[in-house]
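A.B. asks: Please find one structure pasted underneath; my questions will follow.
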Amino acid sequence: MVFEKHANGPPIAARKREGNMLPRIELNSCDAWWGMSDIDRLIAIVRSRSAEHDKAITLLVAAKLWGQVLATIRQELDSLVRIFYLLDQPLNERAILAGQTLAGEIWSRKKPKGRVTDRQMMELYNALDGWAMRVYEFGCSFIHLSNSHGYAGCDPLASLSQQDRAEIGDYLRSYHGGPAEKEPLFEDIKPYLREVFNKVAQNLDYYLEGLEKGKNLHDTW
């Protein structure tokens with residue numbers, strides 16, 4: 001599937017957050033909560049999660065807890081690809097999937113039948129923006145116990161091929177102005193991880209707005 005660029009900007013948002021923070025969505029009113037549709041409740045939850053990620057990553061970068069920085073980026077990307085996936089579904093299917101999240105169920109569909117996997121959602125988004133799969137896979141190594149958590153003693157990028165490291169460097173230079181190293185190692189990318197998070201979060205903001213307005217991937221908003 002090929003997606004066209006939105007008329008009002010690139011296919012992914014470059015919209016800036018005020019002070020890098022989303023407005024916090026207050027979920028402490030039961031009456032208001034149960035008066036919302038499943039889609040609106042899901043949007044509120046995703047925005048609340050994203051605001052928490054934003055606060056957390058500021059503290060994690062300051063403390064130089066790089067494994068948790070990458071784990072937080074991966075969680076924000078999880079929200080992004082799920083909202084993007086919903087925008088590619090009919091309105092009735094969106095409501096069903098949102099309801100499954102609220103009920104603590106795994107996303108599944110009747111047509112085509114079966115579970116909606118992380119891989120399916122990532123591949124859909126990756127067709128539009130090829131950097132996402134790289135961030136997702138690297139971030140996953142910090143979600144699940146792996147040798148990446150030994151980054152203090154063994155660079156997790158050192159085991160990648162020169163081509164893979166060159167692609168990471170190209171992405172960071174294209175979107176974030178660095179690093180200068182053609183085939184960067186972990187130490188070289190640390191200064192750019194906050195900006196990587198910001199980019200994911202800005203794109204999430206954009207697609208949440210489309211979901212609120214009942215748009216689909218080929219609309220502009």
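A.B. asks: So what is log10(I(q)/I(0)) for region 34-103 at q = 0.13, 0.22, 0.29 1/Å, when the Debye sum runs over its Cα atoms only?
C.D. replies: Values, matching the q order: -0.45, -0.91, -1.26.
A.B. asks: In 5 Å bins starting at 0, how do the alpha-carbon pair distances of region 109-171 split up by percent?
C.D. replies: Binned Cα distances yield the sequence 4, 14, 19, 20, 18, 12, 6, 5, 2, 0.
A.B. asks: Would you mind calculating the gained length between His144 and Ser108 on full extension (0.36 nm times residue separation, minus the Cα-Cα distance), in nm to one decimal?
C.D. replies: Gain in length upon complete extension: 10.6 nm.
A.B. asks: Sticking with this structure for a sec: Given 5 Å bins starting at zero, what is the percent of C-alpha pairs of region 93-221 in each, up to the one with the largest pair distance?
C.D. replies: 2, 8, 14, 18, 19, 14, 9, 10, 5, 1
A.B. asks: For region 81-142, max minus min Cα coordinate along each principal axis, in Å, sorted largest first?
C.D. replies: Taking the Cα atoms of region 81-142, the three principal extents are 32, 24, 18 Å.
A.B. asks: Write down the radius of gyration of region 146-221 and its Dmax, each obtained from C-alpha positions, in Å.
C.D. replies: Both quantities, over Cα of region 146-221: 16.5, 48 Å.
A.B. asks: Quick one: if you stick a label point 7 Å off each Cα along the C-beta vector at Thr58 and Glu167, how many nm between them?
C.D. replies: 3.4 nm
A.B. asks: Report the extension gain between Arg119 and Ala158 in nm, rounded to one decimal, defined as 0.36 nm multiplied by the number of residues separating them, less their alpha carbon distance.
C.D. replies: 11.5 nm
A.B. asks: Here's a follow-up. Using a 10 Å cut-off around each Cβ, can you sort Leu42, Leu160, Leu70, Leu193 from fewest to most neighbouring Cβ atoms?
C.D. replies: By the 10 Å Cβ count, ascending, the order reads Leu160, Leu193, Leu42, Leu70.
Coordinate-derived values only; no laboratory data. Predicted model, so just to flag it, every value in this text is computed and none were measured. FYI the Cβ positions are ideal-geometry reconstructions off the backbone, even for glycines, and counts take in every protein chain you see.
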